[in-house]
Amino acid sequence: MKTKISKEQLFTRLANSEDARACKGIDDAACKVVSGNYVTLLLSQVLSQFADALLNPKVTLPWLLHALNVPSAFIAWLVPIRESGSLLPQLAIADYVRSLPIRKWVWVFGALVQALSIFAMVLVGLTLDGNLDGNLDGNLEGNLAGFAIIALLVIFSLARGFNSVAAKDVLGKTIPKKQRGGVSGYAASAAGFATITFGLGLWYFQRHGDKASVLIALGAGALMWVLAALVYAKIDEYPGATEGGKNGLLHALGKLRLLIDDKPFAHFVLTRALLLCSALSAPFYIVLASEQGFNFSLLAVFLALSGFASLISGPFWGHLSDRSSKQVLVFASILVSVNGLLVYLVATNLPSLLASTFFLPGMYLILTIAHQGVRLGRKTYLVDMADGNKRTDYVAVSNTVIGVCLLVLGSLGFLGNWLNNAELILIYSLMGIAGALSAILLPRQ
């Protein structure tokens with residue numbers, strides 16, 4: 001006989017809590033529905049993170065553009081637009097979000113726009129194929145497909161900006177402190193399992209030359225965003241503070257004064273900028289692997305390793321973040337740096353080891369585990385820093401500054417004309433050491 005597990009029972013098992021833990025950081029009304037919101041948020045995050053894995057700017061989209069005969073100049077813009085496009089507009093978005101007592105609908109709106117953007121990419125893939133004979137010249141079709149995908153990616157990234165501002169605020173309003181990291185940790189683990197499956201499927205279809213599998217993956221990603229929106233809409237969110245909600249870009253830019261007036265927040269933003277080393281160094285591990293003669297199908301293996309890292313490390317980092325998100329930032333940044341330094345030393349003194357089947361994939365796995373720690377640690381730390389509208393301002397200012405930093409620090413890749421990939425990894429590793437020192441000095445939340 002099957003036993004149905006209630007949301008309350010599932011919450012107790014996942015959060016390792018027999019009671020509401022005094023519901024620290026949320027009001028009494030929200031405290032009464034924590035268990036239901038915990039499970040609902042968890043499911044929506046699983047769906048959205050899996051959708052993100054399916055629209056991977058390092059694997060899925062480059063493959064799509066290559067299949068559509070799109071010039072490589074377009075491919076070079078995928079990662080900057082995907083990452084920075086969702087961060088830079090958040091100052092203007094935040095003031096609008098502040099004016100809303102219920103903010104879950106902002107996230108739902110962003111999710112649906114992302115779904116529509118991906119569906120449109122699928123249509124581009126079906127109608128504009130530079131490898132097919134048609135009314136247009138193949139090269140012209142490839143260029144049109146490139147412009148269309150880039151334009152849709154801009155819309156997709158802007159929609160993510162709405163999600164980012166709203167998500168942390170809704171999490172802070174509905175889930176008590178010491179339980180928030182667990183939500184993200186379990187979601188990362190579950191989405192990691194899904195990513196492993198997708199990565200292995202990607203490898204299988206690539207071996208058989210099935211280019212349509214990319215469009216199927218994108219279609220599945222769009223569907224995941226729709227399902228995530230439907231689930232997120234069921235969150236029991238109580239009205240929050242709306243004081244200070246104004247419109248206007250000048251007012252929004254005025255929020256940058258937080259970097260001057262709020263020293264602990266400015267310190268956190270500096271730390272977060274230094275810890276971008278975990279994300280920015282990842283592509284150079286793959287490029288380093290490609291230089292060893294590994295073929296394209298290994299990229300799918302790297303994607304599967306990324307999912308495996310989320311699967312095994314998500315809950316660990318999540319629960320550790322609930323105990324001390326500061327310690328997570330310190331430990332994860334040290335792991336990034338030590339890993340990168342080891343890769344540099346091997347590349348410099350024992351280059352033959354780089355061609356090993358297991359060395360670079362293994363080092364990439366460790367890097368991805370550390371990156372999960374950086375992500376979960378800084379998200380939990382930021383959410384715990386403030387309450388109400390101040391949290392919304394923190395998220396918007398932090399993400400906007402980091403968007404600029406991504407463009408600036410990402411341009412270090414241009415040093416590739418003078419430095420090799422191992423030396424670039426060394427530079428990012430040194431950034432990680434500085435990030436660890438900065439994180440040690442952060443106030444404990």
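No value in this document is a laboratory result; all are computed from the given coordinates. Being a predicted model, the structure only gives us computed values, none of them experimental. Neighbour counts run over all protein chains shown; Cβ positions are idealised from the backbone, glycine included.
At a 10 Å Cβ-Cβ cut-off, how would you order C31, C405, C277, fewest neighbours first? Mind dumping the intermediate values first?
Working: C31 16, C405 19, C277 28.
Fewest to most other Cβ atoms nearby, the residues stand as C31, C405, C277.
What residues of the range 379-408 lie in the reach of a label at D261, counting those whose backbone N is under 19 Å from a point 7 Å from the Cα along Cα→Cβ?
385-401
Between Y96 and S356, what is the label-point separation in nm under the 7 Å Cα-to-beta-carbon projection?
5.2 nm
Using 7 Å Cα-to-Cβ label points, what is the W105/A212 separation (nm, one decimal)?
Output for this residue pair reads 4.1 nm.
Peptides 62-69, 396-403, 311-318: what's the order by average Cβ count within 10 Å, highest mean first? Don't skip to the end; give the middle numbers.
Numbers: 62-69: 20.9, 396-403: 24.1, 311-318: 22.5.
Order by mean packing, descending: 396-403, 311-318, 62-69.
How many nm separate the modelled label positions at Q445 and L407, each set 7 Å beyond the Cα in the direction of the Cβ?
The two pseudo-label positions are separated by 2.7 nm.
Please list 162-172, 361-371, 95-105 highest first by mean number of surrounding beta-carbon atoms within 10 Å per residue. Write down the numbers at each step before the final one.
Numbers: 162-172: 24.5, 361-371: 21.3, 95-105: 18.5.
Ranked by mean Cβ neighbours within 10 Å, highest first: 162-172, 361-371, 95-105.
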